[in-house]
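What follows is a set of notes on a single structure, which appears directly below.
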Amino acid sequence: MSTRTVHTVHPSPLGDLLLTAVVSPAGPTLTSLSLPGRPGVPAVRAEDLDDRPFAEAHRQLDAYFAGRRTRFDLPLTATGTPLQQAVWQALGSVPYGTTTTYGELAARLGLPRAQLRAVGRALGTNPLLVVRPCHRVIGADGSMRGYAGGIERKRWLLRHEGALQPTLV
């Protein structure tokens, strides 16, 4: 059996999530988790729709959105530059329920302040939203900066994780 790329949709409080994976004899590897209609969403073909390889991803996403999971344990792969890969990998060290800043993330990677914009661009191209928690990175002043899923979804995720207090209206 050769490898093939498949996709499915997972309903969530954020809206439908598009999941893509490469399936090989070793099993599925998640390559993208994105929000349809947002920038950077991979093109998919109707004939490649296959929900079966995503059983574990569905289970873990359901548990996360129900508040029963704080980390994901899924095989992941995403192509990117060495800097992008390093930034995406560093996201795994930002615990559930906390935030970090772009500067702190850059410092953790040993990057100078002059590289902050590059860190921000790498976060903006993260192909695995929610699973690689780029929503946990905020501005040094506590402000919500860009998020590929939109700022309102970033706020929702941070409130869901307890890192941002609900707004009273």
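With respect to the numbered conditions (1) open to solvent by less than 40 Å² (accessible area, probe 1.4 Å); (2) part of a loop (DSSP other than H, G, I, E, B); (3) of a type outside the set (Ser, Thr, Tyr); (4) modelled with pLDDT of 90 or more, which one is the sole condition not fulfilled by Ala122? Ala122 satisfies every listed condition except (2). Applying the set (1) open to solvent by less than 40 Å² (accessible area, probe 1.4 Å); (2) under 22 Å from Leu19 (Cβ atoms); (3) of a type outside the set (Lys, Arg) to Thr101 leaves exactly one unmet item: (2). Restricting attention to the range 142-167, the residues that are open to solvent by 60 Å² or more (accessible area, probe 1.4 Å), among the hydrophobic types (A, V, I, L, M, F, W, C) and in a loop (DSSP other than H, G, I, E, B) add up to 0. Would you please name the residue that is surrounded by the fewest Cβ atoms within 10 Å (Cβ to Cβ), looking only at residues in the range 6-38 that are among the small types (Gly, Ala, Ser) and under 15 Å from the mean Cα position of the chain (by Cα)? It comes out as Gly15.
Could you look through the range 66-88, keep only residues that are among the hydroxyl-bearing types (Ser, Thr, Tyr), over 16 Å from Val6 (Cα atoms) and open to solvent by less than 80 Å² (accessible area, probe 1.4 Å), and pick out the one that is nearest to the chain's Cα centre (by Cα)? Lay out the reasoning, then the answer.
Taking the range 66-88 first, the residues among the hydroxyl-bearing types (Ser, Thr, Tyr) are 70, 77, 79, 81.
This time we only want the ones that are over 16 Å from Val6 (Cα atoms), so: 70, 79, 81.
Checking the rest, the ones that are also open to solvent by less than 80 Å² (accessible area, probe 1.4 Å) come to 70, 81.
Details: Thr70: 13, Thr81: 17 Å.
Per the criteria, the residue is Thr70.
Here Ala106, Ala63 are screened, and the one residue that is within 16 Å of the chain's Cα centre (by Cα), free of Cβ contacts under 8 Å to residues at least 24 places away in the same chain and part of a helix (DSSP H, G or I) is Ala63.
The values are calculated or read from the model by the stated rules, or taken from the named source; none is laboratory data. Since this is a predicted model, take the numbers as computed values, not measurements. All Cβ positions, glycine included, derive from the backbone under ideal geometry; neighbour counts span all protein chains shown. Note: areas computed on protein heavy atoms with side chains; ligands, DNA, RNA excluded. Shrake-Rupley method; radii C 1.70, N 1.55, O 1.52, S 1.80 Å.
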